[in-house]
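Working notes, beginning with the structure itself.
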Amino acid sequence: MNTKIYLSLLVSAMLVNSLSAADDLKNVIVTAKTQKSSVDTAGSFSIITAKDIKRTGASSIKEALEGVVGLNMGVNDASINGRQNISIRGTDSKNTLILVDGERISGSDSQIGHSDFQYNWIPMSAISKIEVIRGPMSSLYGSSAIGGVVNIITKKPTEKTQGDITLETGKASRDGGENMEVSISGGGKINDKFSIIGYVDAKTSEPEETDNTTEIEGKKIRNVMVKAWYDIDLTQQITAFVILGNEKRKTEAYDELYDIDKAHYSIGYEKDFDDISLDLKYYTNISDAHTEQFSYTHEMHDDTFNAELKIASFENHFIVFGGDYRTEKYKKKYDNSASDLTSGFDDSIKYASVYLQDEIEIGKNTILTLGARYDKHEKFGGELSPKANLVYKLNDNSRFKAGYGHGFNAPTVTQNSDDYTLAVPIEFYPSGPPFNGMPKTFNRFKGNDNLNPEISDTFELGYDYEKNQLAISATYFHTELKDLIDTLHIKDTPVGPMTYREYTYSNVGKARIDGVELEFTQNKIFDKLDLNLNYTFLDTENKDTKKELFNRPAHTANLKLSVELPWEINSNFRVNYVGNQTAADGEKLDAYTTLGLQFSKEFIENFTIRAGAENLSNIKHIGDSNQYSIRGRYVYARLNYSF
C-alpha cells in the first residue's frame, strides 16, 4: 500500500467524522439473498430505482449505471465504434455478471472481442430497480462474478390494469446521431389467480460520423418482454418470463455490421412451507450475432436449472441452500466454410454446483454471514468459492462492515478447447500486382484444454452511517488476482506470402487492485434539493510488468443534484469525472468531465414532458489518436403518458 492509498483513507476518515448521517432505503437487497434491511446487509452495494432512471433520462442499462460509486463506464481495449463496457472495482468487464430477476444473461464480451452486446436486453420501462453488489459474489452466483453483480429487477403487475407510453427524439452533435425511441407497456391482475405484464421497446440511433468515418456505431433495437404469474393457492405460484429481441449495429461501411437475435425463456415454481420456501427455476439464453464484416455467426446458447431452499426455521439463522446445473454452448458458423481460414467451431461445457449461505445473528449487535459454493466444471475441474462477512452495529445509525470473498471466472468454451482456431488479418499488401491487397499478416489464436480459471481474493473494510435523509459510506478494498487468461505469443509461421503470428490462450498474469470508495447522500436539503456525491480511488498493478493495469483511471468522481424548481418543474444535474488512464496500446488518456442536465414537468395528470442534454461539455474523444470515441453532446425530448 503506497502513500496515495493512505491519503485516500485519511480523506475518508475525515469525511466520515465531519458529517452526521442517514436512513434511506429500507428495502431488502434481494441479490444478496438476505432477510435484513439494506442498513444491515453485508458487503457493498448500490440501488438505482425506476425514479432515478427517469430523473437521469437513461436509455440503456449502461447509462443507468453511470455515476455509481466503484463503477467505470470506460473504454474497452479497442473502443471499436464507441463501444464501452462496465468495470466494477477495476476488474475486467467479463468479471461483471449481469442478471435479470436473478437469472444470468449471456455475456458476449468474453466470446466476441470488444463487444458490449449484453447491455440492451431489457426495455428501460420494465425496470423496477437495479441492484449493484460490488465485490466477488461467486459464493452465490459462480463464474463471472469476480468484480460483482448487476441484477436488473423488473416490475410486477399492480391490482389494477395499468400502462405506459413513452416517446423520445434526440440528436447528437456529430453528423448523424439522430435517435428515436417508442416504448409501450401494460398489464395488471386479470383475475384472482392470474397476472400479466408486457413491454415493447423500439429504438433507432443513426451512426455518428466525422469525415465519413464512423465514430459511434448506429443501433436499431427491438425488444419484447412478457412476464406472467399464476397463483395456484396462497402458498404456490408459477411464473413464466420471455424476452425476445433483435439488435442491428450499423457503420458507414456496413449497413449491418452485426445483426443480433436474442431470446430468454424462463419458467419457475415457488412454494412456501411456513418457515421454509422452495424455488425451482429453468431458463435458457439464446444469442445469435451475425457479422457482415467477417461473414460468420456467433451462436451462444446457455441452459440453467436452479433449485433453492430458504430456511428460517432455526432461531437467529437464515439459511439459503441451492444448486445449479448449467450447459454453455458456443458455435461459430461461417457463411462460406470452403477453406481453412473459414473453418467453424462447435463445443459446449457443463457446470454443476451447490451453494450454502447462513446469515447468523450473534447477540444484538453482530450479524455474521458465512457462505460457500462449489462449482464442478467439465474441463478444468472444481472450484470452491467461500465468503465471510461481518456487520457490527455501533449504534442505531452506524455500521462497521468487514468481509472476505473468493471469486472466479471460468475459461470460455473457445478459450478452453484445443480445437478452436481463429485467424484475423491485421496487415494487407498494397493494391496492385502481385498480391492485389491480399492479407499480409494474420494473428492466429488457438484455444487451450489446460486452462485454469481466473481467481480473485478480496478483503474489504467499510463504515456506513444512515439517519433520516443523510447517508455516508466509506470502504477500502484489496483484491489479488491470479491465473489471468490472456493470449501468449508462441511463434511466427510463414505460409507462402503470408505470415501467421501464432497465439494461444494461457494463464499468464497476476495483478493487484487496491481501492477506496466514498459516498455521501443528503436528501431534502431545504425540502427542494437532493444531493449525491461519490469518489472512487484505484491503485492497480500488473505484477508481471510492475505497471498499472490498462483502462483503469485512478480517480473517478460523480455528482448528482436534483432540484424542484418553481411551477413544479423537476431538474436533475450531473457531473461525471474520469481521471487519467493508460490505454492497452500504451497511449496516455487525459482526464475528462461530462455534464448532464434534465428538466421534467407533469402538465396534466399522468402526462409528463422531459427535456435534457447529455455530455454538455461535448467531449468526443479521449486521448490524441481519436481512437477512443464517446458520444458527443446529445439533446433530447421525451413524452410520457401513464394510464
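The values are calculated or read from the model by the stated rules, or taken from the named source; none is laboratory data. All of these numbers come straight from a predicted model, not from anything done at the bench. Virtual Cβ from ideal backbone geometry, glycine too; neighbours counted across all protein chains shown.
Please indicate, with yes or no, whether at least one residue in region 348-364 is part of a loop (DSSP other than H, G, I, E, B), modelled with pLDDT under 95 and either in contact with a Pro (Cβ under 7 Å, 6 or more places away or on another chain) or surrounded by 16 or more Cβ atoms within 10 Å (Cβ to Cβ) (or both). Within region 348-364, not a single residue is part of a loop (DSSP other than H, G, I, E, B), modelled with pLDDT under 95 and either in contact with a Pro (Cβ under 7 Å, 6 or more places away or on another chain) or surrounded by 16 or more Cβ atoms within 10 Å (Cβ to Cβ) (or both). In the set (1) of a type in the set (Ser, Thr, Tyr); (2) touching a helix residue (DSSP H, G or I) at 6+ places or on another chain (Cβ under 9 Å); (3) surrounded by fewer than 16 Cβ atoms within 10 Å (Cβ to Cβ), residue 199 fails one condition alone, (3). The residue that is nearest to residue 458 (Cα to Cα), counting only those in region 61-88 that are touching a helix residue (DSSP H, G or I) at 6+ places or on another chain (Cβ under 9 Å), part of a loop (DSSP other than H, G, I, E, B) and modelled with pLDDT of 80 or more, is 86.
Could you identify the single residue in 472, 455, 485 that is surrounded by 16 or more Cβ atoms within 10 Å (Cβ to Cβ), part of a strand (DSSP E or B), touching a His at 6+ places or on another chain (Cβ under 8 Å) and of a type outside the set (S, T, N, Q)? Even if it seems obvious, please write down each step before you answer.
On the way: 472 fails: touching a His at 6+ places or on another chain (Cβ under 8 Å); 485 fails: touching a His at 6+ places or on another chain (Cβ under 8 Å).
Going through 472, 455, 485 in turn, just one is surrounded by 16 or more Cβ atoms within 10 Å (Cβ to Cβ), part of a strand (DSSP E or B), touching a His at 6+ places or on another chain (Cβ under 8 Å) and of a type outside the set (S, T, N, Q): 455.
Of all positions in region 269-277, none carries a residue that is surrounded by 15 or more Cβ atoms within 10 Å (Cβ to Cβ), of a type in the set (A, V, I, L, M) and in contact (Cβ under 8 Å) with a residue 12 or more places away in the chain.
Among the strands (runs of 3 or more DSSP E) lying completely within region 134-190, list those that include at least 2 residues that are out of contact with any Phe, Trp or Tyr (no Cβ under 7 Å at 6 or more places or on another chain) and crowded, with 23+ Cβ neighbours inside 10 Å. Break it down into steps so the answer makes sense when it comes.
Values: elements: 148-154, 162-172, 179-189.
Qualifying strands (runs of 3 or more DSSP E): 148-154.
The one condition from (1) exposed (fewer than 15 other Cβ atoms within 10 Å of the Cβ); (2) at pLDDT 95 or above that residue 425 does not meet is (2). Here residue 492 clears all of (1) free of Cβ contacts under 8 Å to residues at least 60 places away in the same chain; (2) farther than 24 Å from residue 407 by Cα; (3) surrounded by 20 or more Cβ atoms within 10 Å (Cβ to Cβ) except the condition numbered (3). When residue 382 is tested against (1) in a strand (DSSP E or B); (2) in contact with a helix residue (DSSP H, G or I) (Cβ under 9 Å, 6 or more places away or on another chain); (3) within 21 Å of residue 142 (Cβ to Cβ), just one condition goes unmet, and that condition is (2).
Among all residues of region 90-109, there is none that is aliphatic (A, V, I, L, M), buried (at least 22 other Cβ atoms within 10 Å of the Cβ), at pLDDT below 90 and not in a loop (DSSP other than H, G, I, E, B).
Filter region 519-548 for residues that are acidic (Asp, Glu) and assigned to a strand (DSSP E or B); which is surrounded by the most Cβ atoms within 10 Å (Cβ to Cβ)? I'd like the intermediate steps shown before the answer.
The initial filter retains those residues of region 519-548 that are acidic (Asp, Glu), namely 519, 527, 530, 539, 541, 544, 548.
Now narrow it down to the ones that are assigned to a strand (DSSP E or B): 519, 530, 539, 541.
Values: 519: 22, 530: 17, 539: 20, 541: 16.
Here the residue is 519.
Is it true that some residue in region 117-128 is surrounded by fewer than 22 Cβ atoms within 10 Å (Cβ to Cβ) and in a loop (DSSP other than H, G, I, E, B)? Yes, the conditions are met somewhere in region 117-128.
Of 214, 210, 284, all but one fail to be touching a Lys or Arg at 6+ places or on another chain (Cβ under 7 Å) and either buried (at least 17 other Cβ atoms within 10 Å of the Cβ) or among the polar types (S, T, N, Q) (or both); the exception is 210. Identify all residues within region 308-345 that are at pLDDT 90 or above and among the acidic types (Asp, Glu); write none if there are none. Correct list: 308, 315, 324, 328.
Sub-8 Å Cβ pairs linking a first residue in region 432-453 that is within 18 Å of residue 496 (Cα to Cα) and modelled with pLDDT of 85 or more to a second residue that is surrounded by 15 or more Cβ atoms within 10 Å (Cβ to Cβ) and small (Gly, Ala, Ser), at least 6 apart or interchain, are 442/423; 443/423; 444/423, ordered by first then second residue.
Let me confirm something: among 197, 152, which residue is closer than 30 Å to residue 373 by Cα, touching a residue at least 12 places away in the same chain (Cβ under 8 Å) and not hydroxyl-bearing (Ser, Thr, Tyr)?
Working: 197 fails: closer than 30 Å to residue 373 by Cα.
Sole residue among the options that is closer than 30 Å to residue 373 by Cα, touching a residue at least 12 places away in the same chain (Cβ under 8 Å) and not hydroxyl-bearing (Ser, Thr, Tyr): 152.
Scanning region 428-452 for residues that are surrounded by fewer than 16 Cβ atoms within 10 Å (Cβ to Cβ) and of a type in the set (A, V, I, L, M) turns up just one, 438. Scanning region 505-564 for residues being under 25 Å from residue 485 (Cβ atoms) and among the β-branched types (Val, Ile, Thr) gives a total of 4. The strands (runs of 3 or more DSSP E) found wholly in region 549-636 include none carrying at least 2 residues that are within 29 Å of residue 520 (Cα to Cα), among the charged types (D, E, K, R) and free of Cβ contacts under 8 Å to residues at least 24 places away in the same chain.
Count of region 57-69 residues, restricted to those that are in contact with a strand residue (DSSP E or B) (Cβ under 6 Å, 6 or more places away or on another chain) and β-branched (Val, Ile, Thr), is 2. For residue 480, the stated conditions do not hold, so it cannot be described as under 30 Å from residue 527 (Cβ atoms) and either in contact with a Gly (Cβ under 9 Å, 6 or more places away or on another chain) or part of a strand (DSSP E or B) (or both).
Taking region 172-218 as the range and being under 30 Å from residue 620 (Cβ atoms) and of a type in the set (Gly, Ala, Ser) as the test, the residues that pass are 172, 173, 176, 177, 183, 202, 205, 218.
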